[in-house]
Amino acid sequence: MSALEIWLLIIGLTLITQLMRSTFLMFGDRFRLPERVQHGLRYAPVCALIALITPELFVNQGALDISMSNPKLVAGIVAALSTLVLRSMIATIAIGMLVFATLRMLA
């Protein structure tokens with residue numbers, strides 16, 4: 001690929017991205033999403049965060065590790081369970097980090 005092709009690709013992708021993101025701003029009043037879709041979109045940021053974090057839980061020292069000796073996986077499971085029980089984001093973060101740090105120190 002030449003430098004011109006790369007720049008054209010970057011500019012084209014930028015324009016497409018901006019168009020897709022601004023569609024709701026431009027046509028938001030004229031186009032009403034169904035209530036179910038609006039409700040579903042509220043979960044999109046959480047789903048994106050989970051999609052980014054979850055694969056990292058299963059990797060330990062660069063290799064797939066789904067055993068209970070993986071401190072990230074154990075801390076993730078404990079954090080998920082604490083979320084279900086406590087319903088507190090701050091407590092979940094604190095408990096998950098405490099479990100992870102403890103397991104790393106013991107290993």
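A few notes on this one:
- Filtered residues of region 23-63 (kept if within 24 Å of Met105 (Cβ to Cβ) and surrounded by fewer than 10 Cβ atoms within 10 Å (Cβ to Cβ)): Gln61, Gly62, Ala63
- Scanning region 7-27 for residues that are in a loop (DSSP other than H, G, I, E, B) and either under 30 Å from Ile93 (Cβ atoms) or not polar (S, T, N, Q) (or both) turns up nothing.
- Among the residues of region 28-60, the one identified as in a helix (DSSP H, G or I) and over 23 Å from the mean Cα position of the chain (by Cα) is Glu35.
- Selected residue (criterion: farthest from Met68 (Cα to Cα)) from residues of region 80-107 that are among the small types (Gly, Ala, Ser) and either over 21 Å from the mean Cα position of the chain (by Cα) or assigned to a helix (DSSP H, G or I) (or both): Ala91
- Among the residues listed as Leu15, Leu103, the single one being surrounded by 11 or more Cβ atoms within 10 Å (Cβ to Cβ) and among the hydrophobic types (A, V, I, L, M, F, W, C): Leu103
- Residue within region 1-10 that is out of contact with any His (no Cβ under 7 Å at 6 or more places or on another chain), small (Gly, Ala, Ser) and surrounded by 10 or more Cβ atoms within 10 Å (Cβ to Cβ) present: no
- For region 73-81, the criterion of being among the small types (Gly, Ala, Ser) and touching a residue at least 24 places away in the same chain (Cβ under 8 Å) is met by at least one residue.
- Search result, residues across region 64-79 that are in a helix (DSSP H, G or I) and surrounded by fewer than 17 Cβ atoms within 10 Å (Cβ to Cβ): Ile77
Any read-out appearing in this document is the output of simple, stated calculations on the displayed coordinates, not a laboratory observation. What you see is a predicted model; the values in this text were computed from it and never measured. FYI the Cβ positions are ideal-geometry reconstructions off the backbone, even for glycines, and counts take in every protein chain you see.
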